[in-house]
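The structure appears below as structure tokens.
Just so it is clear, none of the values below were taken in a lab; they were calculated from the coordinates. Source: prediction; values computed, not measured. A quick note on method: Cβ atoms are made from the backbone with ideal geometry, for glycine too, and the neighbour counts reach across all protein chains shown.
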Amino acid sequence: MSRRRVVLLGATGSIGTQALEVVAAHPDRFEVVGLAAGRDADTLARQAAAHGVPRVALADQDAAARLRAHAPHLEVLDGPGAAARLAAVDADLVVNGITGSIGLAPTLAALDARTPVALANKESLIVGGELVVAAAERAGGRASHLIPVDSEHSALAQCLRAGRDTEVARLVLTASGGPFRGCGREDLRGVRPEDALAHPTWAMGPVITINSATLVNKGLELLEAHLLFDVRLDRLDVVVHPQSVVHSMVEFVDGSTIAQLSPPDMRLPIQLAMAWPERLDHAFVACDWTTASQLSFEPVDRATFPALDLALEAGHRGGAHPAVYNAANEVAVAAFLDGHLDFLGISGVVSATLERYAASDPTAPRDLTELLQIDAHARALATTICGRGPA
């Protein structure tokens, strides 16, 4: 069997470095033909040398110039659109591990080139919505060209194999609860960034970790599941599962529930996405069923963590409302990390931005240009609201 040619976006981040571990474990199955990063030219150069990659992309043009000087054999794309240009090259798979809405353009570029996307950049779907779904359908189909990398959506994809679409009653995503599980709203006053960044289970980047602490991450994942699997929002649910061993579940119409279990290690869903629909015979980790353990589940405290219901509200409103939800959150998280907004203010800013956008009588975006204009408008609104302190 020929090796799958892979373009890896966000190569120097958590998803990217773990994807390269998967490549190293299966040199007979994968060939990396492109790597993209933001500005970490040194790490990108080492990765390219280690995996014999001929082409790289850097958003930072100064970093790209330095890389060209030190590695003249490399083809170096640069600038804000470099990752999208790289995503459009001839390949068998694009792994999008970019964080944030800047990952949307590369996802669309890959799909326009009819290349399947292993999607760790959930913002592509949240922000791009029906534009991304339509591009995937044109490329060959949603199921074959949008392959989930997030552990929750990977779990759902696996569980859905157990029955027909008409037999599915509910999709249930699990949430660790983050560092503030069990806290009431009053307990969260005065929370510092270092407190919110202390996730009990997963090692992730700062934005995703803060999103986990507010449950925004789970709201984004609900919206992503709705689009990935074409399931109505009222058939999606979230349950807190602090052990992070059950990654998601599918409940069928006869009352049966199928769950996917594995240790909290992202290399497993990354490996599955890269080889999808096959499973490769290499287990980085596995559950040890010879050791006594317990699995527990509890409902989400929606009063303390309103971001989940705000995501559902945005999803039900449709159009660009999910994109506004995401944009407002990214602005609010940056303000929190910089010390200009308190923790409880994050959901307040998101709520206020959604209300102001809804009051403007918006229409659904027709293309990427209109969508990016709405995204910029939402960020400006959220920035203004952040300037007033917690909403």
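Modelled spin-label separation between Asp288 and Arg317, with each label point placed 7 Å from Cα along the Cα-to-Cβ direction: 4.9 nm.
Neighbours of Ser2 by Cβ distance under 12 Å: Lys/Arg scored +1, Asp/Glu scored -1, total +1.
Only beta bridges with both residues in the chain are counted; by DSSP, about 30 percent of them are antiparallel. Summing charges over neighbours of Lys122, with a neighbour being any other residue whose Cβ is under 12 Å away from its Cβ, gives -4 when K and R count +1 and D and E count -1. Taking Cβ atoms as reference points and 14 Å as the exclusive limit, the residues near Val22 contribute a net charge of -1, counting Lys and Arg as +1 and Asp and Glu as -1. With R₀ fixed at 41 Å, the C-beta to C-beta distance from Ser2 to Glu130 puts the FRET efficiency at about 0.75.
Contact order for the chain, expressed relative to its length and based on alpha carbon pairs under 8 Å spaced 6+ residues apart, stands at 14 percent.
Evaluate the charge dipole of segment 1-158 about its Cα centre and quote only its size in Debye, nearest 20, assuming +1 on the Cβ of each Lys and Arg and -1 on the Cβ of each Asp and Glu. Dipole size: approximately 280 debye. Which residues does the label zone of Ser360 cover in segment 308-336, counting backbone N under 14 Å from a point 7 Å along Cα→Cβ? Counting only backbone N, you get 320-328.
Computed over the Cα atoms of segment 4-148, what is the ratio Rg over Rh, Rh following Kirkwood?
My calculation of the ratio gives 0.96.
Convex hull of alpha carbon positions in segment 167-297: directionally averaged projected area 10.1 nm².
What does the C-alpha gyration tensor say about the overall shape of the chain? Classify as rounded when a/c is under 1.5, otherwise prolate if a/b is larger than b/c, or oblate.
Working: a/c = 1.43, a/b = 1.14, b/c = 1.25.
Here the chain falls in the rounded category.
Assigning unit charges at the beta carbon (Lys, Arg +1; Asp, Glu -1) and nothing else, what dipole magnitude in debye, to the nearest 20, does the chain show about its Cα centre?
Working: 32 positive and 46 negative charges, 99 e Å.
Around 480 debye, computed over the chain.
Modelled label positions at Arg279 and Ser256, each set 7 Å beyond Cα in the direction of Cβ, lie 1.6 nm from each other.
Loop sites here are chymotrypsin sites (Phe, Trp or Tyr not before Pro) outside DSSP states H, G, I, E and B with no more than 13 other Cβ atoms within 10 Å. The longest part of the chain free of them is 1-288. Over the residues of the chain, the helix contribution to mean residue ellipticity at 222 nm works out to -13500 deg cm²/dmol, using -39500 (n - 2.57) for each DSSP H run of at least 4.
Subtract the Cα-Cα distance of Asp309 and Leu372 from 0.36 nm times their separation in residues, and report this length gain in nm to one decimal.
Details: separation 63, 0.36 × 63 = 22.68 nm, distance 2.45 nm.
In short, 20.2 nm is gained.
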